[in-house]
Structure formats: C-alpha cells, structure tokens
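Derivation of every value follows stated rules applied to the coordinates shown; laboratory data play no part. Worth saying up front: this structure is predicted, and the values here are computed from it rather than measured. Glycine also receives a Cβ, built like all others from the backbone with ideal geometry; neighbour counts cover every protein chain displayed.
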Amino acid sequence: MDLGNRLISLFAPNEPGGILELQMCEKDYSLSQITQIIEGNDARILSLYTWKPVETTTELIVTIKLNQVDLSAIIQTLTRYNYDIRATFMDQTPLKGLIDDRFDQFMRYINT
C-alpha cells in the first residue's frame with residue numbers, strides 16, 4: 001500500500017458517520033474531555049486530527065470523525081460545554097424527516 005492510500009485510510013472515509021470541526025485555543029484543548037462528551041452521547045471517535053491554521057497563532061482546529069450520522073445531541077452537549085463548533089458534516093435525512101413531521105403536525109393543528 002502506498003503512502004497516499006495509507007494516509008487516506010487513517011481518516012476512515014469508508015465508515016459511515018459525521019464529522020465535527022472544533023475551534024479552540026491550544027490551552028483549552030483537552031482530548032479526555034472531548035472524548036468523554038462524545039462517548040457520553042453513545043458515539044465513538046473513528047478518527048481525530050488537530051492542526052493550526054496559522055503557525056504563529058495559538059488557535060487550534062480539531063477535526064473529529066464519529067461513528068454516528070446524526071450529531072445533534074453531541075453538538076448540543078459540546079455547545080453546553082462552550083466548545084466553538086466551526087463546521088459539521090452529517091446526513092441531514094433524519095433531521096429533515098423530523099422537521100417535515102413537525103410541520104405536518106402544525107398544519108393539522110391549524111386546520112382544526
């Protein structure tokens with residue numbers, strides 16, 4: 001296996017799940033706390049990558065691939081712990097179904 005393919009496999013691209021990108025100061029980074037929050041929501045980390053967008057800054061970006069497609073509960077918990085969520089990538093199908101169902105219920109309520 002060549003180096004390029006090996007690096008790609010480290011990010012678990014073939015595994016289903018969502019991706020979270022957190023932004024924080026280096027001194028606020030705690031892998032144990034992030035892991036505890038994620039595992040407290042019945043999810044597992046498949047891949048984690050940290051990088052600095054600018055070398056001269058203390059800002060840190062943490063990219064996490066999780067084994068869950070719906071990240072809503074994890075996002076809410078991370079927000080409660082004051083984590084800055086820079087981006088999320090997940091399947092919107094379950095969320096769209098929930099929104100459509102609530103809209104249908106609201107329309108039935110108005111029509112009665």
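Per-structure values
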read-out: Gyration tensor (alpha-carbon) shape descriptor, segment 20-106, a/c threshold 1.5; value: prolate
read-out: Label point distance in nm, Glu26-Glu59, each placed 7 Å from Cα along Cα→Cβ; value: 1.5
read-out: Calculated from backbone phi, Karplus (6.51, -1.76, 1.60) coupling profile of segment 33-43 in Hz, x at Gly/Pro; value: 5, 4, 4, 4, 5, 5, 5, x, 9, 6, 10
read-out: Modelled FRET efficiency - R0 41 Å, Ala73 with Leu3, Cβ distances, 0.05 increments; value: 0.65
